[in-house]
Each structure stands twice: as structure tokens, then as C-alpha cells.
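Student: Structure in C-alpha cells, see below.
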Amino acid sequence: MTAIIIDDEEMSRRTLQTLLTNYCPEVQILGEADNAKEAYELIQKKQPTLVFLDIEMPHGTGFDLLNLFPSINFEVIFVTAFDQYAIKAIKFCALDYLLKPIDVEELKTAVQKVSKKIVQPFSSPQYDMLFENLKNDGDINNRIALPSVKGLEFVKVKEIIRCEADGRYTKFYFDTGSPKIVTQNLKEVSALLESYSFFRVHHSHLISLNKITKYFKGDGGYVVMEDGSSIDVSRRKKEGFLGLFLKNNPR
């Protein structure tokens, strides 16, 4: 597996190179760059399998660099120190990232995932989706990558009615079509969708506030969704739910 390291901080490049040499010997480092322009030229020249890409750099972010390529034919592991907005966008598209300071086990896991992926065609739609979602944060027309045992499926957020915990997995229900089992737990799904008017009304249910047809009062009460399902609202979630529900549905 051939790789390039792109980071504006020399110490970060040295640290990552040392970690890769010591713990990921299958990775051959072809070069490094400290800015987007130099990185673009290096990728074009070396044609790496994998790029370790810092997000925040002077004179252009890592996203700006990727936007220069009409088609991305290499894998990317993003590296960042703190950008929560960027991390959420990356996770939304089921892409890989590492937080600084880099944890050895997380690095090994990310490299192993890439080694399994490179035997398959590169998934440029994930990057197209990433760029589009970054421009339209919180827009229900954004698409989310749903990982399953068969691969990835891209769906619009506005098509999701509700999500139900299914052990370590989550079952998604949509406006049309059959439910889909996703290989993420409900906590992970909630973190991705909470800024899109989704609310976890119960430990086993996450619902779209835009898809509620009725709310019935009670100890916690329950909601009726557009697909006809009735979902209990837990007592401890009631206050938070009603606050968001009334905000979304002003009278």
C-alpha cells in the first residue's frame, strides 16, 4: 500500500511517519507535502493508494485539495485536531478519520480498513456527497451513507421517518421501500442525525420531528408517525421532545 502524508505541521508529519513505520509496515510512504498546491502535484506524480490528509492547512483545506480532482481514485484517511463540524460531515459519508494526537490502535484499524477496501473500486460518490453536504449543513436534502453488510447505500435525510435499535445495529424506516438494517448502533446514528430535526424519544427509537402526524399526551405520551407506527416517548425525554416538537410545529 503506497501513501502520501499531507500536513502543514512538520512534527505531525514526522510523528505519523514514525507510527506507520513501526506499526503499519505494509504502508510504503512515497512522499509528503505541507500545502494543498504541493500536495496536488505530488498526488498526480506519485499516484498513491492512500492519502493521509490534514483538514486545516494554510492556503486551502484538505477538502479544497480533494475538490481539485475531477475523480478521486485513491483512499483518504482524514487527520484533524479539533474540527467537530468537519468530523461530523466525514462520518455522515462513512469516511475514515483520525484525531490528533493519533492513537496507535485507531491508526492500525484505519489502515486495515483501507487495505480491505482497495480490492474494490474506489467510492467517489462518497466524496461528491461530502462536498455537497459541507455546503448545505443541516439541509434535509443532504444524503447520508448507510453502511450495511453488503456495502454502502446513499439516501436523502428527508426520506427517513424513524430509526429503531436492533442490538448493535439500527433499522431505518423510509417514506417508501422496505426497512434497511445499518451496521451502526442507535447512539452513532443519533449523533449524525440530531442536527436534522431528529430526536431520540426512547432508548430504542430515534424519530424525525418532520414526520410526526399526531402526539398523544400521557406519562410520557406517544407519537404517531407518517408510516402509521406508534412510538412511546419516555418520561425523561418528554420535556426535551415537546420543546423541539413545538418549535418545529408552531401554532
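Student: So, of the residues in the stretch 40-86 that are within 20 Å of D103 (Cα to Cα) and part of a loop (DSSP other than H, G, I, E, B), which turns out to be modelled with the highest pLDDT?
Tutor: I55
Student: Now for a separate question. Specify which of the listed residues (K187, K217, K211) is basic (K, R), free of Cβ contacts under 8 Å to residues at least 60 places away in the same chain and farther than 22 Å from D139 by Cα. Before you say what the answer is, go through the steps one by one.
Tutor: Numbers: K187 fails: farther than 22 Å from D139 by Cα; K211 fails: farther than 22 Å from D139 by Cα.
K217 is the lone residue from the list that is basic (K, R), free of Cβ contacts under 8 Å to residues at least 60 places away in the same chain and farther than 22 Å from D139 by Cα.
Student: Considering every residue within the stretch 110-129, establish whether at least one is outside any strand (DSSP E or B), aromatic (F, W, Y) and in contact (Cβ under 8 Å) with a residue 12 or more places away in the chain.
Tutor: yes
Student: How do the pairs read when you match residues in the stretch 36-52 that are over 16 Å from E75 (Cα atoms) with residues anywhere that are modelled with pLDDT under 95, using Cβ under 6 Å and keeping only pairs 6 or more apart or on different chains?
Tutor: A36/G60; A36/D64; A36/L65
Student: Please state which one of D139, D175 is in contact with a strand residue (DSSP E or B) (Cβ under 9 Å, 6 or more places away or on another chain) and not aromatic (F, W, Y).
Tutor: D175
Student: Checking the structure you have, find out if any residue of the stretch 186-205 is under 22 Å from L66 (Cβ atoms), surrounded by 14 or more Cβ atoms within 10 Å (Cβ to Cβ), outside the structural domain of D64 (by TED's automatic domain parsing) and not polar (S, T, N, Q).
Tutor: Step one: filter the stretch 186-205 for residues under 22 Å from L66 (Cβ atoms), giving 192.
Now restrict to residues that are surrounded by 14 or more Cβ atoms within 10 Å (Cβ to Cβ): 192.
Of the ones still in play, those that are also outside the structural domain of D64 (by TED's automatic domain parsing) are 192.
From what is left, the residues that are not polar (S, T, N, Q) are 192.
There is at least one residue in the stretch 186-205 that is under 22 Å from L66 (Cβ atoms), surrounded by 14 or more Cβ atoms within 10 Å (Cβ to Cβ), outside the structural domain of D64 (by TED's automatic domain parsing) and not polar (S, T, N, Q).
Rundown of residues vs (1) more than 24 Å from the chain's Cα centre (by Cα); (2) free of Cβ contacts under 8 Å to residues at least 60 places away in the same chain, yes/no style:
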| residue | (1), (2) |
| --- | --- |
| Y23 | yes, no |
| V27 | yes, no |
| E32 | yes, yes |
| D54 | no, yes |
| P70 | no, yes |
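Student: For the stretch 1-35, which residues satisfy the criterion of being part of a loop (DSSP other than H, G, I, E, B) and either touching a Ser or Thr at 6+ places or on another chain (Cβ under 6 Å) or of a type in the set (S, T, Y) (or both)?
Tutor: We begin by selecting, within the stretch 1-35, every residue part of a loop (DSSP other than H, G, I, E, B); these are 1, 7-9, 24-27, 34-35.
Selection gives M1 alone.
Student: May I ask you to verify whether F69 is buried (at least 17 other Cβ atoms within 10 Å of the Cβ) and either closer than 23 Å to S195 by Cα or outside the structural domain of L186 (by TED's automatic domain parsing) (or both)? Even if it seems obvious, please write down each step before you answer.
Tutor: Details: buried (at least 17 other Cβ atoms within 10 Å of the Cβ): no; either closer than 23 Å to S195 by Cα or outside the structural domain of L186 (by TED's automatic domain parsing) (or both): yes.
Taking the combined requirement at face value, the residue does not satisfy it.
The values are calculated or read from the model by the stated rules, or taken from the named source; none is laboratory data. Predicted, not measured: the structure shown is a model, and the values here were computed from it. FYI the Cβ positions are ideal-geometry reconstructions off the backbone, even for glycines, and counts take in every protein chain you see.
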